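The values are calculated or read from the model by the stated rules, or taken from the named source; none is laboratory data. Predicted, not measured: the structure shown is a model, and the values here were computed from it. Cβ coordinates were reconstructed from backbone atoms using ideal geometry, including for glycine residues, and neighbour counts include every protein chain displayed.
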Amino acid sequence: MTANAGYHAFSTGDVLTAAQVQYNLQNQTIMYFASSAARTTALSGVLVEGMFSYLADTDSTEYYNGSAWTSISNPGDITAVNTNAGSGLSGGATSGAVTLSLSSSYTAKTAAYTFVAGDEYNLFSMNNASTAQFNIPTDATYNFTIGTEFNVFWITGAGQPTIGAVTPGTTTVISTGATSATPKLRVANSGATIKKLAANSWIVFGDLA
């Protein structure tokens with residue numbers, strides 16, 4: 001099959017040959033077809049490398065590389081931006097501009113509290129006359145994603161809050177606290193971050209005692 005002829009500078013009065021119409025004009029346009037099947041039928045036996053076509057059924061533009069039709073639409077491999085439960089993010093979309101925001105809330109607690117799904121990346125305070133604990137559940141109860149964080153602080157009250165595992169034999173907690181597995185918030189208004197390192201493994205860092 002003769003190759004397409006590329007660019008040709010025609011002059012006024014030129015009489016176009018059949019080859020010029022075929023290889024300078026028609027084969028080098030973007031041809032419209034209802035579908036790939038319609039294109040196959042129309043171009044049977046006349047395919048030439050460098051042809052372009054538009055397919056109406058898929059809204060796609062393709063070129064013929066000498067052996068196959070190849071898409072130039074280049075939509076990429078991202079079809080959606082999702083904010084899964086536990087990601088700490090809100091927003092997302094399947095098209096157009098995508099906005100993501102850090103999803104975080106504050107909750108005041110006045111008694112011992114065990115973290116649950118949906119608490120990821122949120123902030124919690126403790127106010128109790130006696131010591132009350134922020135509890136980390138086992139993975140069997142809530143399998144938080146590795147990297148999950150909870151933020152806590154001691155807002156007021158005589159009770160010095162502690163942080164620890166619901167089941168110490170299953171869940172490991174490490175910190176710089178005097179008791180590594182059950183650190184305390186040092187003084188009123190001090191805070192800490194609780195971060196998951198691995199399965200049933202957490203670290204607590206912040207203003208600890």
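Worth a mention:
- Matching residues in the range 51-62 - criterion: being touching a helix residue (DSSP H, G or I) at 6+ places or on another chain (Cβ under 7 Å) and closer than 12 Å to Thr29 by Cα: Met51, Ser53
- Annotation note: of Ala188, Ala158, Ala198, the sole residue that is out of contact with any Leu (no Cβ under 6 Å at 6 or more places or on another chain), more than 25 Å from Ser130 (Cα to Cα) and of a type outside the set (Ser, Thr, Tyr) is Ala198.
- Considered as a group, the residues in the range 68-119 that are part of a strand (DSSP E or B), loosely packed, with under 12 Cβ neighbours inside 10 Å and of a type in the set (Gly, Ala, Ser) include one that is modelled with the lowest pLDDT, and that residue is Ser101.
- Long-range neighbours under 7 Å by Cβ, at least six apart or interchain, first residue assigned by TED's automatic domain parsing to the domain that holds Thr171 within the range 182-193, second acidic (Asp, Glu): Leu185/Asp207; Arg186/Asp207; Ser190/Asp207; Gly191/Asp207; Ala192/Asp207; Thr193/Glu149
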